[in-house]
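Notes follow the structure.
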Amino acid sequence: MPHPTPLQIAAGSATVVSATLLLLLLEPEASPLLTAAFAVVALTLGVAVSVAFRPRRVPPPDPVAVPPQRAAEPSPLGTIHTPHPAHSVHSAHTSRPEVRV
C-alpha cells in the first residue's frame, strides 16, 4: 500500500477540520451522540477527499534516440594546417605553416 502524499494529508486534514467546525456551528448544543456522529462524518469526508487526490500513474516516457555525433566543423575564420614533413610535397623548402581561409 503506497504512503499518502503531502497533498493528500493536507487536503484530508483541512476537510476534517472544516467539516467538524461547520457541523458544530450548525448545531452548537449537540448531544454527545450527535457530536460523535459529526466526528465520523468529518473523518469520512476527509478520507474521501484524500482518496480523490491520489496521484495518477503516468506511463514512463518513450526513450529518446540520441542523435549521432557529427564531426568537428572547421572554424569559419579558417584553420592553420601544418602538414607532416613526410607527407608534404615541398618539405625541403617549406619554412612556415600554410594558412587556409
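The values are calculated or read from the model by the stated rules, or taken from the named source; none is laboratory data. What you are looking at is a predicted structure, and each value in this text was computed from that prediction instead of being measured. Note: ideal-geometry Cβ built from the backbone for every residue, glycine included; neighbour counts use all protein chains shown.
Do the conditions hold for Arg54, that is, is it modelled with pLDDT of 60 or more and out of contact with any helix residue (DSSP H, G or I) (no Cβ under 9 Å at 6 or more places or on another chain)?
So Arg54 does not fit the description; no.
Look at the stretch 49-60: where a residue is β-branched (Val, Ile, Thr) and a partner is outside any loop (DSSP other than H, G, I, E, B), sitting 6+ places away or on another chain with Cβ atoms under 6 Å, you get Val49/Ala11; Val49/Gly12; Val49/Thr15.
For the stretch 1-22, the set of residues classified as hydroxyl-bearing (Ser, Thr, Tyr) and touching a residue at least 24 places away in the same chain (Cβ under 8 Å) consists of Thr5, Ser13, Thr15, listed by residue number.
Inspect the stretch 30-48 for any residue being of a type outside the set (Val, Ile, Thr) and either modelled with pLDDT under 90 or closer than 30 Å to Glu98 by Cβ (or both) and give the result as yes or no. Yes: the stretch 30-48 contains one or more residues that are of a type outside the set (Val, Ile, Thr) and either modelled with pLDDT under 90 or closer than 30 Å to Glu98 by Cβ (or both).
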